[in-house]
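Engineer: Would you mind keeping the following structure in view while I ask a few things?
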Amino acid sequence: MLPAGHKIAFLIFAMVAAGIGLRGFYHVFRRIRAGQPDADLRFDRLPARIWCALKTTLTQSRTFRKRPIVSLFHSFIFYGFVFYILINFVDALEGYFPFSIASTGLIGAAYNLTADILSALVLIGVVALVVRRFLLPSRRDFRFNDKTLLHEDVRHSRIAGDSLIVSTFILFHVGSRAVGAGAKLVGEGPDPLQPFATLLAHLFTPANAEAWRIFGYWGALGSVLAFLAYFPFTKHIHIFMAPAKFLVARQAPSGVLPAMQVNLESEEQKLGAARLEDLGWPRLLDAYACIQCNRCQDVCPASATGKSLSPAALEINKRMELNHLASEPGFENGAASPRPLLAFALTPEAAWACTTCGACMEVCPVQNEQMLDIVDIRRNLVMMDGEFPTQLQTAFRGMERASNPWGINHEQRMAWADGLKVPTIEEVPNPDVLYWVGCAASYDPQSQKTARAFVQLLDHAGVKFAVLGKQECCTGDSARRAGNEYLYRQLADKNVATLSAVKPKLIVATCPHCMNSIGKEYAQIGGDFKVTHHTEYLASLVSAGRLPVQAMSASVTYHDPCYLGRHNGVYDAPRNVLRVLSNEFVELGRTRENSFCCGAGGAQFWKEEEEGAERISQNRFREAEQTLASSNGNSDKKVLAVGCPFCKSMLESSPGKDEGTTIAVKDIAELLLEGVLGQSGQNGTQLPIVRPVATHEKSQPNTMDSDLPVYEEKAAVAQTAAVLESTPQQLQAPVTDRKKWTPKTPVAKEPPTPLQEHPIGVEPASAILQVTPAETPTSERKKWSPKASATKEGLTAPEPPASSPGDSPKDDVNKTV
């Protein structure tokens with residue numbers, strides 16, 4: 001027990017420190033509550049949520065997904081602190097009551113052995129992580145690209161300072177308890193079940209043992225109480241907030257964006273997020289749950305290729321700003337935060353660099369939702385401020401005018417099928433399969449090869465199928481990922497109405513983006529459809545023996561599309577087909593849920609890539625080249641297989657691909673058709689690809705876009721039409737042919753550092769670019785606004801008044817939105 005004076009002093013100290021600490025936690029709760037109500041259910045199925053949170057927390061399963069050695073040391077600290085809740089409680093009682101847990105009984109022996117071992121492991125874990133954090137400068141885990149916007153506290157080394165404070169606290173807290181346990185054994189005698197404490201007992205004598213025991217009591221328990229006041233401001237708060245985040249984790253797949261009601265007639269409606277309080281409260285909880293491990297930055301394709309985006313910096317910047325707001329009680333009471341997100345969290349350039357691949361959310365140990373923050377910021381930029389990359393203007397207008405982002409007249413929707421027998425839903429009203437062709441396969445010649453191969457395979461297998469033909473329009477995926485929720489709803493509502501009338505048994509899509517939108521996101525607006533990817537359906541046909549295949553002599557590797565794999569969990573079906581097609585199938589280094597994006601998602605396909613060290617597709621294609629070059633296959637023929645039209649286009653047009661490479665980029669349907677034709681003795685038989693013919697007519701109304709806004713022809717659309725009407729040789733290039741890309745500013749690189757987790761040689765972020773703000777070009781952002789009225793449930797827009805030539809852009813936005 002403690003002496004009487006120490007008992008009184010410690011009790012007073014405990015009450016004061018606990019009061020200060022609890023007050024700090026209460027204000028953290030109020031700052032989180034300042035966020036918006038979330039669109040997703042966060043407290044449904046509570047018993048299941050509690051069990052999942054406990055299981056995920058106690059097993060550390062998400063932490064061990066990456067960096068197994070580092071995660072092992074982290075687990076020493078975590079399990080030590082979990083058990084230290086009991087240890088601290090027992091030690092506190094021992095200070096006031098005359099009892100002690102001896103190792104004579106089974107329970108006492110287990111308790112003392114566990115406490116002793118965990119004390120040693122915690123100290124080992126802390127020392128190991130401190131060495132890694134401060135003495136291994138080659139690691140990029142705690143570095144950011146030079147272009148990344150960092151909060152002033154981060155620039156002033158607040159992260160390093162916080163790490164030192166937390167590490168010092170853990171060492172002192174656990175070390176003090178170990179010292180007290182060792183001093184206690186001086187009087188009780190050595191205990192073989194407390195080897196660490198017994199070792200420390202040799203440092204004390206019977207004369208000073210009692211003083212050291214009291215020191216250990218105050219040092220261990222007093223440091224915990226004192227640290228409570230600092231806890232709300234440190235990253236160590238994640239020990240409580242991470243389990244809370246597991247408890248309220250979003251249940252929807254990462255490919256499903258939160259639902260959003262858009263009413264442009266409302267004068268006070270906020271669309272998207274401009275400030276911290278505009279984010280949903282779970283996204284403010286993210287900032288406190290973040291453990292600052294930077295794993296999300298490691299897997300981010302934008303960050304890996306030298307862009308300014310860092311999902312880790314986004315969360316850290318949010319945390320730092322929330323800490324500053326602790327001194328401004330008005331924020332907790334509903335007042336606006338002093339700065340917009342684009343002033344401290346990330347730059348507009350970073351917001352538009354995101355490919356929405358979901359890798360950051362997949363790898364995050366605490367299930368943070370960085371990608372959703374970025375989408376909300378884009379929604380505000382597009383629908384409130386009218387600020388977005390100018391190239392998206394053409395895509396938006398194309399979707400509005402012609403129901404496709406290419407802007408090609410909707411009457412050409414079925415031109416891809418010329419020469420093939422492709423029945424429409426009018427001709428086959430009750431098909432077993434409704435093939436959703438998608439815009440890419442309808443208008444892009446490279447993607448047409450996939451569509452034509454797929455329908456030939458369906459014919460060969462005797463499948464009763466049909467297409468919607470001209471009833472089909474863009475799903476709105478690119479519009480939604482670009483932040484244009486209004487345009488997405490126009491397109492999505494039309495498709496839901498069409499499909500609900502058709503009532504298909506099964507929809508098969510060759511585009512994962514279409515599959516994701518129709519199968520998952522349309523459920524938010526009443527669309528309940530069974531959708532599968534063409535690789536899944538083809539795999540079932542092959543396994544059923546309906547598509548006999550002749551194996552090809554080629555080395556094949558497969559690129560997992562983000563919206564097929566990571567967002568929808570389809571990994572095995574494409575591989576099952578490829579293993580039948582080739583005996584020389586080899587996996588890429590980054591594969592399945594760890595796949596690296598092609599760079600097309602998040603509406604990136606329709607705009608120029610943000611400035612960086614290289615294109616995302618270039619990074620990925622280089623990995624494929626290295627993988628196929630190092631394969632042990634005997635064939636000189638090398639194929640990079642894909643399952644997404646956008647992946648195919650990006651990887652096919654990747655800079656450097658035409659510089660002597662022999663790798664062919666083909667969709668799995670194309671490869672399977674070759675195998676089927678080879679089996680049937682028709683090697684090389686293939687119907688020609690037919691391009692749609694664009695018209696120069698202005699917005700001829702049709703049944704699909706009669707209520708969509710109509711815009712005048714833009715230069716980009718006219719240029720597309722000119723390409724479409726050129727010679728057959730020229731028509732072999734994709735409609736959206738991408739020019740060879742090079743960085744717009746000089747790139748200064750340091751020697752690359754070999755990284756175990758980046759097998760293809762991704763350079764450390766700090767060595768990618770050295771660009772000052774003055775040297776970074778500012779992309780022109782152009783206002784977009786709908787120019788038609790629409791009245792739907794939760795989706796309305798007024799007819800904008802005519803603006804005078806003297807109106808400013810901001811005035812025009814205010815009139816329109």
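Engineer: Filter the range 576-633 down to residues that are basic (K, R) and either in a helix (DSSP H, G or I) or open to solvent by 30 Å² or more (accessible area, probe 1.4 Å) (or both), then give me how many there are.
Structural biologist: Taking the range 576-633 first, the residues basic (K, R) are 579, 590, 592, 607, 615, 620, 622.
Checking which are either in a helix (DSSP H, G or I) or open to solvent by 30 Å² or more (accessible area, probe 1.4 Å) (or both) leaves us with 579, 592, 620, 622.
The total comes to 4.
Engineer: Is it the case that some residue within the range 479-497 is of a type in the set (A, V, I, L, M, F, W, C) and surrounded by fewer than 21 Cβ atoms within 10 Å (Cβ to Cβ)? It would help to see each step written out before you state the result.
Structural biologist: So in the range 479-497, the residues of a type in the set (A, V, I, L, M, F, W, C) come out as 479, 482, 487, 491-492, 496-497.
This time we only want the ones that are surrounded by fewer than 21 Cβ atoms within 10 Å (Cβ to Cβ), so: 496-497.
Taking every residue of the range 479-497 in turn, at least one turns out to be of a type in the set (A, V, I, L, M, F, W, C) and surrounded by fewer than 21 Cβ atoms within 10 Å (Cβ to Cβ).
Engineer: Of everything in the range 149-168, what is open to solvent by 30 Å² or more (accessible area, probe 1.4 Å) and outside any helix (DSSP H, G or I)? Give them in sequence order.
Structural biologist: L149, L150, H156, S157, listed by residue number.
Engineer: The conditions are (1) open to solvent by 10 Å² or more (accessible area, probe 1.4 Å); (2) in a helix (DSSP H, G or I); (3) hydroxyl-bearing (S, T, Y), and S266 fails exactly one of them. Which is it?
Structural biologist: Condition (2) is where S266 drops out.
Engineer: Which residue is most open to solvent (accessible area, probe 1.4 Å), if the candidates are limited to the range 369-401 and must be outside any helix (DSSP H, G or I) and touching a Pro at 6+ places or on another chain (Cβ under 8 Å)?
Structural biologist: Let us first name the residues in the range 369-401 that are outside any helix (DSSP H, G or I), namely 369, 386-390.
Cutting the leftovers down to touching a Pro at 6+ places or on another chain (Cβ under 8 Å) gives us 369, 386-387.
Details: E369: 5, G386: 2, E387: 74 Å².
Checked the range 369-401; the qualifying residue most open to solvent (accessible area, probe 1.4 Å) is E387.
Engineer: Further, regarding this structure: I'm told A501 meets every condition in (1) open to solvent by 20 Å² or more (accessible area, probe 1.4 Å); (2) not in a helix (DSSP H, G or I); (3) not hydroxyl-bearing (S, T, Y) except one. Can you identify the failing condition by its number?
Structural biologist: (2)
Engineer: With the requirement that a residue be buried (at least 16 other Cβ atoms within 10 Å of the Cβ) and either touching a Cys at 6+ places or on another chain (Cβ under 8 Å) or not small (G, A, S) (or both), what does the range 39-55 give you?
Structural biologist: Listed by number, the residues that qualify are D40, R42, R49.
Engineer: Hey, could you check the range 80-112 for residues that are under 23 Å from G222 (Cβ atoms) and among the hydroxyl-bearing types (S, T, Y) and say which is nearest to the chain's Cα centre (by Cα)? Even if it seems obvious, please write down each step before you answer.
Structural biologist: Let us first name the residues in the range 80-112 that are under 23 Å from G222 (Cβ atoms), namely 80-101, 111-112.
Subsequent filtering for residues that are among the hydroxyl-bearing types (S, T, Y) retains 84, 96, 100, 111.
On the way: Y84: 35, Y96: 51, S100: 51, Y111: 42 Å.
It comes out as Y84.
Engineer: Do the conditions hold for L185, that is, is it in a helix (DSSP H, G or I) and buried (at least 19 other Cβ atoms within 10 Å of the Cβ)?
Structural biologist: On the way: in a helix (DSSP H, G or I): yes; buried (at least 19 other Cβ atoms within 10 Å of the Cβ): yes.
Yes: the conditions hold for L185.
Quick grid of which residues meet (1) open to solvent by less than 10 Å² (accessible area, probe 1.4 Å); (2) under 29 Å from P338 (Cβ atoms); (3) in contact with a His (Cβ under 6 Å, 6 or more places away or on another chain):
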position: P206; (1), (2), (3): no, no, no
position: R213; (1), (2), (3): no, no, no
position: Y217; (1), (2), (3): no, no, no
position: L228; (1), (2), (3): no, yes, no
position: F246; (1), (2), (3): no, no, no
position: N294; (1), (2), (3): yes, yes, no
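Engineer: For residues in the range 618-652 being touching a strand residue (DSSP E or B) at 6+ places or on another chain (Cβ under 6 Å) and among the hydroxyl-bearing types (S, T, Y), which is farthest from A573 (Cα to Cα)?
Structural biologist: Only one residue tops the list, namely S635.
Engineer: Between L322, L309, L284, which is over 22 Å from the mean Cα position of the chain (by Cα) and open to solvent by less than 10 Å² (accessible area, probe 1.4 Å)? Walk me through how you get there before you give the answer.
Structural biologist: Numbers: L309 fails: over 22 Å from the mean Cα position of the chain (by Cα); L284 fails: over 22 Å from the mean Cα position of the chain (by Cα).
On inspection, the qualifying residue turns out to be L322.
Engineer: Is there a residue being closer than 23 Å to F465 by Cβ, open to solvent by 40 Å² or more (accessible area, probe 1.4 Å) and of a type in the set (K, R) anywhere in the range 530-552?
Structural biologist: Here is the first cut: in the range 530-552, the residues closer than 23 Å to F465 by Cβ are 530-549.
Those left that are additionally open to solvent by 40 Å² or more (accessible area, probe 1.4 Å): 530, 536, 540, 543-546, 548.
If we keep only those that are of a type in the set (K, R) as well, we get 530, 546.
Checked against the condition, which is being closer than 23 Å to F465 by Cβ, open to solvent by 40 Å² or more (accessible area, probe 1.4 Å) and of a type in the set (K, R), the range 530-552 yields at least one hit.
Engineer: Continuing with the same structure: Select from the range 109-146 the residues that are part of a loop (DSSP other than H, G, I, E, B) and open to solvent by less than 30 Å² (accessible area, probe 1.4 Å) and write down the one among them that is modelled with the lowest pLDDT. Spell out the reasoning first.
Structural biologist: Step one: of the range 109-146, the residues part of a loop (DSSP other than H, G, I, E, B) are 136-146.
Still in the running and open to solvent by less than 30 Å² (accessible area, probe 1.4 Å): 140-141, 144-145.
Working: R140: 57, D141: 61, F144: 90, N145: 88.
Among them, the one singled out is R140.
Engineer: When you scan the range 396-410, do you find a residue that is out of contact with any Asp or Glu (no Cβ under 9 Å at 6 or more places or on another chain) and of a type in the set (F, W, Y), even just one?
Structural biologist: Yes, some residue in the range 396-410 is out of contact with any Asp or Glu (no Cβ under 9 Å at 6 or more places or on another chain) and of a type in the set (F, W, Y).
Engineer: Do you know which residues across the range 141-160 are of a type outside the set (K, R), more than 21 Å from L342 (Cβ to Cβ) and in contact (Cβ under 8 Å) with a residue 24 or more places away in the chain?
Structural biologist: Within the range 141-160, D141, F142, I159, A160 qualify.
Engineer: Related question: In the range 63-87, how many are open to solvent by 30 Å² or more (accessible area, probe 1.4 Å) and in contact (Cβ under 8 Å) with a residue 60 or more places away in the chain? Don't jump to the end; show me each part of the working.
Structural biologist: As a first pass, look at the range 63-87 and keep what is open to solvent by 30 Å² or more (accessible area, probe 1.4 Å): 64-66, 68-70, 72-74, 76, 79, 81-83, 85-86.
The next check asks that each one be in contact (Cβ under 8 Å) with a residue 60 or more places away in the chain; those that pass are 65-66, 70, 81.
The qualifying residues number 4.
The values are calculated or read from the model by the stated rules, or taken from the named source; none is laboratory data. Not measured: the values here are computed from a predicted model. Note that each Cβ is placed from the backbone with ideal geometry, even for glycine, and that neighbours are counted across all protein chains shown. Note: areas computed on protein heavy atoms with side chains; ligands, DNA, RNA excluded. Shrake-Rupley method; radii C 1.70, N 1.55, O 1.52, S 1.80 Å.
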